[in-house]
Amino acid sequence: YNNVYGIRATSLRLTNTYGPRQLMKHNRQGFVAWFIRQAIDGEQIKIFGTGEQRRDFTYVDDVVEAFLLAAASDKANGQVWNLGGLEPISLLDLVDCLVALCPGASYQVVPFPDERKRIDIGDYYASYRKIEVELGWRPSVTLKEGLVRTVEFYSANKAHYW
């Protein structure tokens, strides 16, 4: 579209973005928000498979910063960039962080049901190296700090998001 019509366009590929004001009513918008909601509610989080599947997580403020940099840069025209977190971690490590932050939360590792096993993607995380080199963007909020901010926000604002 960019090349055919000369309209300035940039594509940012997001992985697991999380943070305040995310949809929390159900799990159809991704597992991160759902895990956070379950942890805050003191529920047991189900981790399918071994829990060793690795993902990266990007705090919403870091994603906004990437969008603003791309929108303001002529270098961004026609580019495609991956946004990812600082480092990939296992789902078990993610849930361990949530359980430590949320009293009453727990987790259970359960085997994949057959219908889910076929669609499991295993490890998935992105390299943000290209956008770091070209625009100077890199995530700055650690997973732990982002989870603390997110849990604090939703704990104070549950009535508006549950």
Inset, instruction - Output the residues belonging to segment 13-46 that are touching a strand residue (DSSP E or B) at 6+ places or on another chain (Cβ under 9 Å) and either among the hydroxyl-bearing types (Ser, Thr, Tyr) or more than 25 Å from Phe67 (Cβ to Cβ) (or both). - result: Thr15, Thr17, Tyr18, Gln38, Ala39, Gly42, Glu43, Gln44, Ile45, Lys46
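If you check Gln38, Gln44, which single one turns out to be out of contact with any Pro (no Cβ under 9 Å at 6 or more places or on another chain) and under 20 Å from Gly146 (Cβ atoms)? Let's see the steps before the verdict.
Details: Gln44 fails: under 20 Å from Gly146 (Cβ atoms).
None of the others qualify; the one that does is Gln38.
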Inset, instruction - Test Ile89 against the criterion of being in contact (Cβ under 8 Å) with a residue 60 or more places away in the chain and not hydroxyl-bearing (Ser, Thr, Tyr), and give yes or no. - result: no
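When segment 47-79 is examined, which residues are found to be over 20 Å from Tyr125 (Cα atoms), in contact (Cβ under 8 Å) with a residue 12 or more places away in the chain and either among the hydrophobic types (A, V, I, L, M, F, W, C) or surrounded by 14 or more Cβ atoms within 10 Å (Cβ to Cβ) (or both)?
Taking segment 47-79 as the starting set, the residues that turn out to be over 20 Å from Tyr125 (Cα atoms) are 68-78.
Narrowing the set further to residues that are in contact (Cβ under 8 Å) with a residue 12 or more places away in the chain leaves 69-71, 73, 75-78.
Within segment 47-79, Leu69, Ala70, Ala71, Ser73, Ala76 qualify.
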Legend entry - Gly19 being small (Gly, Ala, Ser) and more than 15 Å from Val141 (Cβ to Cβ): no
Legend entry - Counted residues, segment 76-110 - those being farther than 24 Å from Tyr59 by Cα and touching a Ser or Thr at 6+ places or on another chain (Cβ under 9 Å): 3
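Here is a yes/no grid of residues against (1) in a loop (DSSP other than H, G, I, E, B); (2) under 19 Å from the mean Cα position of the chain (by Cα):
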position	(1), (2)
Gly84	yes, yes
Gln108	no, no
Phe112	yes, no
Ile131	no, yes
Ser140	yes, yes
Leu147	no, yes
Glu152	no, yes
Ala159	no, no
Legend entry - Residue check for Leu92: touching a Gly at 6+ places or on another chain (Cβ under 7 Å), closer than 19 Å to Val148 by Cα and not in a loop (DSSP other than H, G, I, E, B): yes
Inset, instruction - Identify the single condition in (1) surrounded by 14 or more Cβ atoms within 10 Å (Cβ to Cβ); (2) under 30 Å from Ala156 (Cα atoms); (3) touching a residue at least 60 places away in the same chain (Cβ under 8 Å) that Pro103 does not satisfy, given that it satisfies every other one. - result: (1)
Inset, instruction - Might you let me know whether segment 23-36 holds any residue that is surrounded by 13 or more Cβ atoms within 10 Å (Cβ to Cβ), on the phi > 0 side of the Ramachandran plot, among the small types (Gly, Ala, Ser) and without any contact (Cβ under 8 Å) to a residue 60 or more places away in the chain? - result: yes
Legend entry - Members of segment 106-156 that are surrounded by fewer than 13 Cβ atoms within 10 Å (Cβ to Cβ), basic (Lys, Arg) and in contact with a strand residue (DSSP E or B) (Cβ under 7 Å, 6 or more places away or on another chain): Arg116
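Since every read-out is calculated from the coordinates, none of them should be taken as a lab result. Please read all numbers here as calculations on a predicted model, not as lab measurements. Cβ coordinates were reconstructed from backbone atoms using ideal geometry, including for glycine residues, and neighbour counts include every protein chain displayed.
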